[in-house]
Amino acid sequence: MIHLQDIRKVFNAGKPNEFVAIEGVNLAIDSHGAIALKGPSGSGKTTLLSILGCMARPTSGRITLQEREITSLPERFLTEIRRETFGFIFQQFNLIKGITVLENVMLPAYPNAENHASLKKRAMDLLDLLNIGGKALAKVEWLSGGEAQRTAIARALINNPTIIIADEPTAHLDTHLSAEFMEIMRQLKQEGKTILLASHDPIVYESKVIDRIVEMRDGKVVSAGGGP
Amino acid sequence: MGLMFMDAVVSQRLDREFVRERRAIVRALTLTDLCLFTEARYTRHPSMTELHTPFQDHPMALEHFPSGSIMAVPARLYPPAQQ
Amino acid sequence: MKALEKQRNILDFTLSSLGRRKGKNIALVMVYTFVIFLLASVLFFTHSLKKEAALILQDAPAMTVQRLVAGRQDMIPMHYIDSIRQIKGVQSVVPRLWGYYYDALSGANYTLMVNADLNDRAGEIIIGNGVSWRSAPGKRNNQGLQKNDIIPFKTYDGTVLGLKVKGLLPFASELVTADLILVSETDFRKIFAIANDQATDLVLQVRNAKELPTIAAKITQIHPDTRPILRQEILRTYDAVFDWRGGVILMVLAGVFFAFIILAWDKATGLSAEEKREIGILKAIGWETSDILLMKFWEGAAVSLMAFFMGIFLAYLHVFLASSILFAPVLKGWSVLYPHFRLTPYINAYQIATLFFLTVIPYTVATIVPSWRSATIDPDSVMRM
């Protein structure tokens, strides 16, 4: 589904603090399944994840998504692809403070020009599904860690993406909540979504949910992992 | 905003009688100016003020009435180049 | 329809997002409202005065002729009347007698004017509203001067001439008559020692208003020491007098306005780290740069429109219902006697549009422009936070 070909990403190119985040990455990711990017911090997991999620452009190399070459697409189309294909769960959840859980969940769908009422209904259904429907009208800063995580998941799902991307999703969760997160991921995988996780937490990459582990070190893929 | 315009229209209609009355008085008494500032003759009757007003006290006289700074200087008093 | 849904969704988020920084936004709206309030007050006030002047002074004399001596207005000899009357097109020439009288008792300047109706009623006066209030300091129960009260006038040689109030000018005419005292010709000449063959100026009626400039030219030809003033000039004077671009109020306003610009600039350019982070999140979850600018546009528009409507509404109340109390100290100036007239509200769409373009548009633009820069940040910056 996604093919990466000789991807290289350089930050601060040409400046004294230039550094190469990833280099020579070739990776093919099939649909349906859960893949974990494993590696110590600074190994390039996040950079690779953001390139996979069309958030950042590689300095060189080619990316094809569903047989479509997207490296050279203009920003607008990349945004559209990102919105429709990917659902993101960030390390800090990155919920927008001061507004309600419901509004946070609805946010990614606003540019789609969906009818407000039907969007609201879909968001409520998602929250109910994740068992936090009761908190829909609460402000996000009053949420517990687990509730914030579910809100973030609901937000990632609102546009019905085919791929879920999560960067260190368990970094701020205790063991119990981490297990719960993986359980939700399992259900999503069962529904046919592709899951991409970056983590150095054994709870994640040793989980049965994960079908394939891609190991990274110093910006290079050390082991592409053919499967469990 | 709509209310404002409505109030304005209504007030204008109500005040029409007063305006007529004022006009009648202006005609009857041959008045030439509004009674806005009474401190100096060039502020009480600006339209009757002679052309030499800037020099009425002495050639370097500076304007010292507050109302003088609200009222604009008549264009005819500027040198031609500045008009 | 779809585009409308999108606008609605984004506006929805903007409004709840404004609610988050309540304190900051309320403060901003208040300052903004105040600026618009001041601007609109000046605009409403001057416009209404101009309009009122233009309406009322249509009936001012078609031409006034005054005589100048050494740069000062002087008495005009009565015999000028005959020569002027002979000019073709002149319908009538009437001498006016008027002048200023300083009343030491009340400390106010009055305009003394001869009225033909009083000519066979020497000893009687008719007073304007301002005079009636000002000249009765000793009066009890806060009443102004009444009929048959006597005002003492000090004549040129120091003797006192008591004149009896025989009537009051209608309250509604206060805008033109507040400081007027109408006297008989006999009393006027007695107070100021003006010879019988002299008048203050002459008032002309002409058959055809188009001939006014020709007649004026002829008058200055016959009497080079005179200066004719046309009604058109009077109207023009009033149009220019309250040209709202000039004056003290605007100087003060300019200060307020610049302070506001600095505030708005600071608020708009200095996107806080929190706001930048939010823009990053929105981009990451699939908002386009244009969506973010749209949101910022709504944010600027919401703040400035709210302030705009509130400011204009308050200004309307201030100028037309509260008689511009805030401007009163400036307007009163050195006048002891000040007419408290209530202005007829003359407002038009043009004024509102002027204010709109002066305030709402620049502010809205000022909020969008800086977001442009941060809206183009790479969305993956959120991943690294």
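None of the figures in this text is laboratory data; all of them are computed from the coordinates on show. Note that this is a predicted model, so its numbers are computed, not measured. All Cβ positions, even for glycine, are placed from backbone atoms using ideal geometry, and neighbour counts span all protein chains on display.
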Highest-fluctuation residue, C:Glu288, C:Glu52, C:Glu124 considered, GNM on chain C with Cα pairs under 10 Å: C:Glu288
Inter-label distance for C:Asp12 and A:Leu137, nm, one decimal - labels placed 7 Å from Cα along Cα-to-Cβ: 1.5 nm
Separation in nanometres of the label points that stand 7 Å from Cα toward Cβ, at B:Val19 and A:Phe11: 7.1 nm
Angle in degrees between helix A:145-157 and the longest Cα principal axis of chain A, rounded to the nearest 10: 70 degrees
Of all DSSP beta bridges in the protein assembly as shown, antiparallel share, percent nearest 5: 65 percent
Area projected by the alpha carbon convex hull of the protein assembly as shown, averaged over all directions, nm²: 43.7 nm²
In degrees, nearest ten, helix C:22-56 long axis to first principal axis of chain C (Cα): 30 degrees
Over the range C:61-230: Rg over Rh, Cα atoms, Kirkwood Rh: 1.03
Cα-based helix-to-principal-axis angle, C:273-284 vs chain C, degrees rounded to 10: 60 degrees
Two-decimal log10 I(q)/I(0) for the range A:1-85, as the Debye equation yields it once each C-alpha is a single scatterer, q = 0.11, 0.19, 0.22, 0.24 Å⁻¹: -0.30, -0.89, -1.15, -1.32
Max mean-square fluctuation residue, GNM over chain A, Cα-Cα springs under 10 Å, options A:Glu114, A:Glu75, A:Glu180: A:Glu114
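Would you kindly give the portion of the calculated P(r) for chain C that falls above 33 Å, as a percent of all Cα pairs? If you can, show how the numbers build up before the last one.
Numbers: 39460 of 73920 pairs.
Tail fraction, whole percent: 53.
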Estimated D of the range A:109-228 in µm² per second, where Rh is the Kirkwood radius over Cα pairs and Stokes-Einstein applies at 10 °C, 1.306 mPa s: 100 µm²/s
Histogram of C-alpha separations across the range C:1-67, 5 Å bin width, %: 3, 12, 9, 10, 9, 10, 9, 8, 7, 6, 4, 4, 4, 2, 1, 0
Dimensionless Rg over Rh [chain A; C-alpha; Kirkwood]: 0.97
Chain lengthening between C:Leu161 and C:Ala193 when straightened (0.36 nm per residue, less Cα-Cα): 10.2 nm
Relative contact order for chain A, counting Cα pairs under 8 Å that sit 6 or more residues apart, in percent: 29 percent
Derived scalar couplings ³J(HN,Hα) [the range A:63-78; Karplus, 6.51 cos²θ - 1.76 cosθ + 1.60; whole Hz; x for Gly, Pro]: 10, 10, 10, 6, 6, 10, 6, 10, 4, 9, 5, x, 3, 4, 6, 4
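Evaluate the relative contact order of chain C (contact order divided by residue number), counting alpha-carbon pairs under 8 angstrom at least 6 apart; express in whole percent.
Working: 548 pairs, mean separation 107.6, N = 385.
Worked out over chain C, it gives 28 percent.
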Fewest-first ranking of A:His3, A:His200, A:His176, using other Cβ atoms within 10 Å as the exposure measure: A:His176, A:His3, A:His200
Residue-averaged [θ]222 nm for chain C, counting only DSSP H segments that reach four residues, each worth -39500 (n - 2.57): -16500 deg cm²/dmol
